[in-house]
Structures are given as structure tokens and as C-alpha cells.
Amino acid sequence: MPRTAIPYATPDISALAKSLRDQLARQGPAPGHVEMLNILARAAGAKNFQHYRARSEAPEGPPAPAADLARVGRVARQFDAQGRLLQWPAKPSHQDLALWALWAALPAGDAVSEAVFNGRLNALHAFGDPAILRRAMVSARLVSRTLDCRDYRRIEQPPPPDAQALIGRLRRGTAA
């Protein structure tokens, strides 16, 4: 029966050495193969070797969903060569994706007045309605604003896969 290689790593070799020393001192005579595997697994923080093996073979998490490139292409056609949104998309799912592209073009960390924020939005679209974009970005939790609506700030977060694909496409200048 072929053996499956299981990677073994520890963040602190000193703690590993101390744990091994203490476990071997309690063990008495030299441990057998399976007991040595259990000692190594316990030193790495697992209950025993089987627990360590199951933990190391388990997937890290669900695979990241792939971007819907057809949808990205449809939304990208709503932007001109300079990355400006030409019209407000009719479909809410397209609106959400277009907002991510605008979000990516806003500077991170700046708290700006409504007038400055409107100016930035005007530079990012061609249909002359920054209010709809401003409200939609706040509703989508891409931008925060104070209760008196005086200051706006981009909310830092990782974009979903579709948004990452659209942002990359627009940055490369391949909107249409």
C-alpha cells in the first residue's frame, strides 16, 4: 500500500522541541512508530495522528466561485473606453456590479464632503445623475456617510469575483 505524504509544519520549533522532550520523557522506553506519529501530531496541536491527518487533508474552505464572465461582459459594455459609466443599467444585478467598478475608482480612506463626492462621481459617469449613484453606493454598503450626509467615505472590503473581473477589465481598457 503506497503511503500518502502528509506535510508537517510548525509555527514555533522551540515549542515543538519542548513538547517532544516532555512527551518522550513520560514515555519511558523508545516509542514505536505509531506512538511516535501520535507524539508528533500532539506536538503540532492535534489530538493524535488521525486527527492531524484529517485536519491536514481537509480542504481549506469552499473554492472561490468563478466570475460570471458573460455578465461581466454585459456590464462592461455600459462603460466607455475611459471607464466611465455611460448609462444606469436597468437590471439590479448589473447595477450592483457597475457600482463596484465605481467603488474601485474612488480613493481609499478619504472622507469627503457631498460636493466633492458628487464631483468624483461625475468624473466616473456620463449620464449626469450623481445622486442615484451616491444613494445606491450607500445602500449597497460600498460607501458610508454621516447621519447629516456631509461626509462620504469608501468602505474597504474585498470585491466579489464578478466585480474583480469587471474592475480588471476596465483597468486594462477593455470595456466594450
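Leaving out ligands and nucleic acids, and using a 1.4 Å probe, what accessible area per residue does the chain come to in Å²? The partial results should precede the final answer.
On the way: 11050 Å² over 176 residues.
That works out to 63 Å² for each residue.
Give the long-range amide H neighbours of PHE79: residues separated by 5 or more places, or on another chain, with amide H under 5 Å away, using H modelled in the peptide plane at 1.01 Å from N.
Under 5 Å from the amide H of PHE79 lie the amide H atoms of LEU86, each far enough along the sequence or on another chain.
Of the listed values (i) 1.31; (ii) 0.95; (iii) 0.98, identify the label whose number matches Rg/Rh (Cα atoms, Kirkwood Rh) calculated from this model.
After the calculation, the listed value that fits is (i).
What stretch of the chain, leaving out the sites themselves, is the longest with no GluC sites (Glu not before Pro) in a DSSP loop having at most 10 other Cβ atoms within 10 Å? Kindly include the intermediate steps, with their values, before the conclusion.
Details: sites that count: GLU60, GLU156.
Result, exposed sites excluded: 61-155.
Keeping all protein chains in place and using 1.4 angstrom, which order do SER56, SER19, SER139 fall into by accessible surface area, from largest down?
Values: SER56 50, SER19 30, SER139 95 Å².
Listed by decreasing accessible area, they come as SER139, SER56, SER19.
Pop a pseudo-label 7 angstrom from the Cα along the beta-carbon direction at both ASP22 and ALA131 and give the gap in nm to one decimal.
Using points 7 Å along Cα→Cβ, the separation is 6.7 nm.
The values are calculated or read from the model by the stated rules, or taken from the named source; none is laboratory data. Just so it is clear, the structure is predicted and the values come from calculations on it, not from any experiment. So basically every Cβ, Gly included, is an ideal-geometry build from the backbone, and we count neighbours across all protein chains shown. Quick note on the areas: whole protein, heavy atoms, side chains included, nothing else; ligands and nucleic acids left out. Shrake-Rupley method; radii C 1.70, N 1.55, O 1.52, S 1.80 Å.
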